[in-house]
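The values are calculated or read from the model by the stated rules, or taken from the named source; none is laboratory data. What you are looking at is a predicted structure, and each value in this text was computed from that prediction instead of being measured. Quick reminder, even Gly has a Cβ in these numbers, built from the backbone with ideal geometry, and neighbours come from all protein chains shown. Accessible surface areas use protein heavy atoms only, side chains included; no ligands, DNA or RNA. Shrake-Rupley method; radii C 1.70, N 1.55, O 1.52, S 1.80 Å.
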Amino acid sequence: MTTTWLPEIRNALEGIVPSILATADVDGIPNVSLISHVQYVDPDHVALSYQFFNKTRRNLLATRLGSVTVVDPDTNAQYRLTLEYLETQTSGPLFEIMRAKLAGIASHSGMQDVFRLLGSDVFRVREIEPVASEVIARPMKRNALAAARRSCEQFSRASDMGELFDTLLACLQQHFGIEHAMVLMLDQVSKRLYTVSSRGYPFSGIGSEVGLGDGVIGVAAAQRVPIRIGHMTSQYTYRAAVLDSARAAGLEWECANAIAFPGLEAPQSQIAVPILCEDQTMGVLFAESTEPNQFGYDEEDALTLISELVSARVALLQKEETAERMQPAPSGNATAGKAIRLRHYRVDNSVFVDDVYIIRGVAGAILWKLAREHAQSGRVAFTNRELRLDPALRLPDYIDNLEARLLLLQRRLSERGAGIVIDKCGRGRFRFLVEGKLLLEET
Amino acid sequence: MRVGVGLGGLHPSCDPGKAKPNMPRAQRPHSPEAELAALSACTDDLGAGSVLSAELAEFCQSGVSVIIAVGGRGNVPLSGQGCACRVLEDGRMRILLLRRSNHAIIAAADQDAPIAVTFSQPLTHRSIQIKGINPATGEPTLSDRQAAVEQSAGLEQELRDVDYARRFTEAYCAVDVDDLVALDFDPVAAFVQTPGPGAGAELRK
């Protein structure tokens, strides 16, 4: 007899077809209800959403036993799982994964005012029994593992972080068919994520921000786990996320939203995968679609693998850069031509060029430092290393994301046509080129 | 036949060419309060021992999802699905289910295990649970077979209306009339199980 292994039936644990949950009280009186989804936790465990204190819950707490029948929405294969209740989690990664998924299911089924996750009930799977059903052929689907491999092969050719992120998003389109995606990096100081690369949108949104904990992107970054939703839900849209941020943002609000987020207006599917460095969030890979249920367990696995490799590649690029010796800093003479007015606000390090918002935070502080030195001495050549060592910039000691901040700054200046160019001229070195004369103001 | 109610959405790979409407389903979902209010307003004389109004009996036989639980060995509950329901003249209820999918449930019923059946409508989420005792299994009649075919077809149409792909609903709701078993029981209580405040309340006059 072949034993069914839980990871093999994960497709039946997507919540696309609801599951049947049977429980019994201490006298053996059964109870049966439909449940929105069974969440795969690991090869031995699943979790159910606890939404109401009802008969099912009373039975589970009393007898700790349940039987759930799940259905594969692609093949109609069905399985009966015997479950043993272990614990309820009311916060943390599993809870947030399930809360996001439930929000999508609730919204799609018209129950957004009714379904609310109170806890994630974790169960040990004692037995999996296949249930006879009319099984149909599984539709042809992209092989996510092969797509991940082809993508990873291309990453090694990227020579800097900007090229790496652009390659990553191109690979998602080419190998996974993902048309809308972006990379955001976390600013450890401001606890906000900023977009450094995007693909498939009418505008790039480079520099747009998402707060830690806001929307699928912010939750994935905060919890350090992939978050995905299979249906449109207003609860997790960017609009809802920025409104949440607005409540606490105060003065920062205007700048935080001065750059429009490029995301889809009404995504049906969303997935956010954290890019981790030694278990700490460095950034987030985000993808979305206008079609529902585009990102399953396999896509989640593949994008997680890819993010791991991207993280390692970023670390390698930074290491190579740091190892380079500091070069002498020659002066330039580009102080002629039109006047370019830079205004710096100390309160949040925001910088405006000719009244156009460019950047804020650490990237803003870097721009201000470069501009001052250039204005004072005509200096053009700089190194990443000296920025890293400058205490005034207050870069965090751990995962400083300096290269990502420079990439962000470089792309923002380029997009806005500010007359200022950051030109990389080797690993860990760049030139600060100004097409005119800088006039600096500080507020 | 496999029956069930869908809260989730169409999986794209079920029918790649099918357009996917963005309208949420159950725009006017049913509610427990509505169920309880309807019962209060009901003028039916349910009679001694009866738990179903005529309207509820009709709902259970209207081609909705039929899901089952019985107490299994060692008091471990068992979950399963039925194809259809009939309310018999003597007040007993009959669930028609496929033998090949429900061996354990049928065996437990033959051991006099108590039973619970929930009827749920995909379009509205309206759900009613019936508790039953004195189960007995037997061969289905010709009328039972017809009911199984008709009610399964009704459920399949509902599932398609809520956006499941045809290739899935056809498999999910397929009926092999030669594999049907009739599971009869005495209904002893009915509960409203539509999600929302008031869910779980007993339905009685």
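Of all the listed residues (A:Arg416, A:Arg405), the sole one being open to solvent by 60 Å² or more (accessible area, probe 1.4 Å) and of a type in the set (D, E, K, R) is A:Arg416.
Looking across B:Arg100, B:Arg86, one residue alone is more than 12 Å from every other protein chain (Cβ to nearest Cβ) and among the charged types (D, E, K, R). It is B:Arg86. In region A:304-351, the residue that is surrounded by the fewest Cβ atoms within 10 Å (Cβ to Cβ) out of those that are modelled with pLDDT of 70 or more and among the β-branched types (Val, Ile, Thr) is A:Val347.
Cβ separations smaller than 6 Å between residues 6+ apart or across chains give the following pairs from region A:269-285 residues that are touching a residue at least 60 places away in the same chain (Cβ under 8 Å) to residues that are among the charged types (D, E, K, R): A:Thr281/A:Arg224.
Here is the figure for region B:66-82: residues that are at pLDDT 95 or above and more than 7 Å from chain A (Cβ to nearest Cβ) total 2. Inspect region A:247-256 for any residue being modelled with pLDDT under 60 and either part of a loop (DSSP other than H, G, I, E, B) or surrounded by 22 or more Cβ atoms within 10 Å (Cβ to Cβ) (or both) and give the result as yes or no. Scanning region A:247-256 turns up at least one residue that is modelled with pLDDT under 60 and either part of a loop (DSSP other than H, G, I, E, B) or surrounded by 22 or more Cβ atoms within 10 Å (Cβ to Cβ) (or both).
Assess whether A:Gly283 counts as being more than 14 Å from chain B (Cβ to nearest Cβ) and in a loop (DSSP other than H, G, I, E, B). No; evaluated as a whole, the condition is false for this residue.
Only one entry in A:Ile20, A:Ile35, A:Ile16, A:Ile9 is open to solvent by less than 50 Å² (accessible area, probe 1.4 Å), free of Cβ contacts under 8 Å to residues at least 40 places away in the same chain and of a type outside the set (Gly, Ala, Ser), namely A:Ile35.
Being without any contact (Cβ under 8 Å) to a residue 40 or more places away in the chain and outside any strand (DSSP E or B) is the filter; apply it to region B:67-100 and report the residue that is surrounded by the most Cβ atoms within 10 Å (Cβ to Cβ). If we take residues in region B:67-100 being without any contact (Cβ under 8 Å) to a residue 40 or more places away in the chain and outside any strand (DSSP E or B), then B:Val76 is surrounded by the most Cβ atoms within 10 Å (Cβ to Cβ).
Across region B:162-191, the number of residues qualifying as assigned to a helix (DSSP H, G or I), within 13 Å of chain A (Cβ to nearest Cβ) and surrounded by fewer than 22 Cβ atoms within 10 Å (Cβ to Cβ) comes to 5. Given the structure, is A:Val131 open to solvent by less than 60 Å² (accessible area, probe 1.4 Å), of a type in the set (A, V, I, L, M) and in contact (Cβ under 8 Å) with a residue 60 or more places away in the chain? Yes. Restricting to region A:195-207, give me the number of residues that are open to solvent by 10 Å² or more (accessible area, probe 1.4 Å) and either at pLDDT below 90 or closer than 29 Å to A:Gly296 by Cβ (or both). The total comes to 6. Within region B:139-158, is there a residue that is within 14 Å of chain A (Cβ to nearest Cβ), touching a residue at least 60 places away in the same chain (Cβ under 8 Å) and under 25 Å from B:Pro77 (Cα atoms)? Scanning region B:139-158, I find no residue that is within 14 Å of chain A (Cβ to nearest Cβ), touching a residue at least 60 places away in the same chain (Cβ under 8 Å) and under 25 Å from B:Pro77 (Cα atoms), so the answer is no.
On the stretch given as region A:1-27, residues that are of a type outside the set (A, V, I, L, M), in contact with a strand residue (DSSP E or B) (Cβ under 7 Å, 6 or more places away or on another chain) and under 24 Å from B:Ser65 (Cβ atoms) total 4.
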